[in-house]
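Chemist: Have a look at this one.
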Amino acid sequence: MQHDPIHIHRLPDLKYPICIAGFEGWGNALDVSKAMITYLIRKLDAEPFASINGDLFYRFDESRPWVEIEGGVLKSIDPPGGNFYTANLAHSEHGLLLLRATEPHVRWYTFVEGVLRLCKELQVETIITLGSMYDNVLHSDTVISGFASTPELLHTLEERDIVPVNYQGPGAIHSLFHSEGQKLGFQCISLWCHCPYYLQGTTHFGLLSALGETLSFLCGFELDRTELDVSWKELNRQIQSLIEKNPELQKMIEDLRKAKVRGSWETIKGSPRKDGKVIHIEDFLRPKS
């Protein structure tokens, strides 16, 4: 129906499913959140089965529909929104429900309620949301923080070197999923990758690989991360080459490294520096004309 928050095309048959959700928007630094879901969809041969009703949740003047016009003929129009995918995994006791969407502009509670209702219908017990933020970390670091709905889940995260979150400030849709999900009896986990503030305009394949490893452990499935590791090796080489040619970047990174050595990661986290040099990596990787 026109006012339903989710358009369900078919209901999948999943075994003990876990929901993993990634969003484009405020909590998607270096494209880690959205790209992780995209990678899972491709590598696990996930199939779409439902879509978000974009007309209810998005301002089209903020996130405009993508149109394709060819030879004076409108071929397609793709509004903002999101899609649900499903994957039954070999050698795993769990199926996966994957949500890849743009963070909604309006009606957050209605959005979350619709997703949680679908999760209940599919007998999901655990919901994992993925986010990424800019922080005072090095591009060679793989810092992932998180919070969980139970002490047992939090202990599991800490055993995987996930840093417990301490934060006060503006929130993302992830926190609302956590809050409302707990009320309905879901086990909830939120994972956040910390991205170097001085690196923008690319995808951090190193963090993607680390996040993929964490998800495969938590959800009990195998994930081939070779592609991510190879891509990160090449990107890291390019970043190092750029840094070697820029004394400002060298000093800034050395300052971060010294702060890290002086104390724990706890002493350097916080609001990313606004006055530091930023690498817009796409400017350097764009083919020369």
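The numbers here are math on the coordinates, done by the rules we state, and not lab data. Only a predicted model underlies this, so the values are computations on that prediction, with no experimental measurement involved. Cβ placement follows ideal geometry from the backbone for every residue including glycine, while neighbour counts extend to all protein chains displayed.
Chemist: What percentage of all Cα-Cα pairs in the chain are separated by more than 34 Å?
Modeler: The proportion of pairs with Cα distances above 34 Å equals 24 percent.
Chemist: Let me ask you something else. Compare the peptides 243-249, 223-229 by average per-residue count of other Cβ atoms within 10 angstrom and give them in order, highest first.
Modeler: So the order, starting with the most tightly packed, is 223-229, 243-249.
Chemist: Now a separate question. For the range 6-285, what relative contact order do you get, as a whole percent, if you take Cα pairs closer than 8 Å and at least 6 residues apart?
Modeler: That works out to 22 percent.
Chemist: Please give the FRET efficiency for S140 paired with D45, using the beta carbon to beta carbon distance and R0 = 25 Å, rounded to the nearest 0.05.
Modeler: In this case the efficiency is close to 0.20.
Chemist: Moving on. When a/c reaches 1.5 or more, the comparison of a/b and b/c decides; with that in mind, is the range 1-88 rounded, prolate or oblate per its Cα gyration tensor?
Modeler: Taking the square roots of the gyration eigenvalues as a ≥ b ≥ c, the range 1-88 is prolate.
Chemist: OK, next. Amide H to amide H, which residues 5 or more places from E24 or on other chains are under 5 Å from it, using H placed in the peptide plane?
Modeler: A101, T102, E103
Chemist: How high is the FRET efficiency between D255 and T226 when r is their beta carbon distance and R₀ equals 41 Å, given to the nearest 0.05?
Modeler: The value I calculate is 0.75.
Chemist: If you don't mind, there's one more thing I want to ask. At a Förster radius of 22 Å, what calculated FRET efficiency corresponds to the Cβ-Cβ distance of E244 and D161, to the nearest 0.05?
Modeler: 0.15
Chemist: If you take the alpha carbon radius of gyration of the range 13-171 and divide it by 2.2 N^0.38 Å, what ratio comes out, to two decimals?
Modeler: In units of the globular-protein estimate, the range 13-171 measures up at 1.16.
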